[in-house]
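What follows is a short report on a single structure.
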Amino acid sequence: MPMARYTPIMSANSFPFAVRVIGFKPQELEIFDASFALGHGKGSGYFRLDEDNLQDPDLYIADGEDLRALVALSDLRPSDVRPVLLVGTPVVPLPYIGVERPIRWQRLFEALDELIEKRADTLARLEASDVVAVPERRRHRRVDIDLTDPSDYQGMRTELPHGGAVLVVDRTPAFRDHLAELLLRQQVEVLWARGEVEAEGACARQRVAVALINTSLQDVDPYRLCQALKTARPHDRTSVILLANRGAYEAQRARLAGADGYLTKPVAGHHLVSALKKFMRMPR
């Protein structure tokens, strides 16, 4: 089913603010979307990131009564730069502010506004001290186990792979050149392929940590190519990020092909680098 929500390109201090909502039922997500659309805060405004969208959020809202949500949250490196609001009474002790159920939306927006104000103060201090904010960790689709015991909360973590190139599948090398410039300091090799055959050949010849596929290319089926790149080197892990126009990302096909997520074009440089850092180790 195509993803219809538009995800704006935002800087760290712009608004509306991007929210990653974790652990809620589909009907609850629809209520969040409707409430965000109406807006009840101090004028900041908020919107929900789709599950597969790899853009870094500005903050999280998590269901404190859902252990799966808390396990997922533990992987995401919440911080004062990327704060958390819990809904409901958490089943394990956590150092985050919360709102009670049933949700009083005015109170929820007040809590979000408070977190955003504290976040702005933290960002100002980091900017003054030249400290780099850490990108959001990769979000894993976990095995569907019965997480009912709080002792199961201890998060399962995986290490990011070392080494490997970034492959750009696009019509011209212009985007590859732009990305190579962004990654110059990290000394990451950036390859370019104009079609499926070239892309599969590049992955067969050397280790590719992340492939970026422009979904708008003629004569390229991005979902078929994604599946092929995933299996090109069975002993190496290649992550695939789809670069899609708004409304053009087909979530079901992407997941069946093994895609790791998407970014909406045009992609701001800092969002692109942050997405890559979710799947490969880079020097800060």
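What is the sum of charges around GLN218, taking Lys and Arg as +1, Asp and Glu as -1, for the other residues whose C-beta is under 13 Å from the C-beta of GLN218? If you can, show how the numbers build up before the last one.
On the way: positive: ARG171, ARG194; negative: ASP170, GLU196, ASP219, ASP221.
That sum, taken over residues with Cβ under 13 Å, equals -2.
Over segment 164-284, what is the mean sequence separation of C-alpha contacts under 8 Å (at least six apart), divided by residue count, expressed as relative contact order in percent? Show your work: numbers first, answer last.
Numbers: 191 pairs, mean separation 29.6, N = 121.
The normalised contact order for segment 164-284 reaches 24 percent.
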Subject >> For segment 54-120, accessible area per residue (1.4 Å probe, heavy atoms of protein chains only), Å² >> reply: 41 Å²
**OP:** Report the local net charge at GLY164: Lys and Arg +1, Asp and Glu -1, summed over other residues whose C-beta lies under 11 Å from its C-beta.
**Re:** +2
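Out of the total accessible area of segment 191-284 (probe 1.4 Å, heavy atoms of protein only), what percent is carbon and sulfur?
Working: 1980 of 4210 Å².
On segment 191-284, the fraction of accessible area on carbon and sulfur atoms equals 47 percent.
Suppose the chain between GLU189 and LYS25 were pulled fully straight at 0.36 nm per residue; how much longer would it get relative to their current alpha carbon spacing? Please list the in-between numbers first.
Working: separation 164, 0.36 × 164 = 59.04 nm, distance 4.11 nm.
Difference between extended and current length: 54.9 nm.
Suppose all protein chains stay in the model; what accessible area per residue would a 1.4 Å probe give for segment 234-284, in Å²?
For segment 234-284, the per-residue accessible area is 44 Å².
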Subject >> For ILE61, distant residues with modelled amide H under 5 Å away >> reply: ARG20, VAL21, ILE22, LEU85
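The values are calculated or read from the model by the stated rules, or taken from the named source; none is laboratory data. These numbers come from a predicted model, not from an experiment. Cβ atoms come from the backbone with ideal geometry, glycine included; neighbour counts cover every protein chain shown. Ligands, DNA and RNA are stripped out before the accessible areas are found, and what is left, the full protein with its side chains, is counted by its heavy atoms. Shrake-Rupley method; radii C 1.70, N 1.55, O 1.52, S 1.80 Å.
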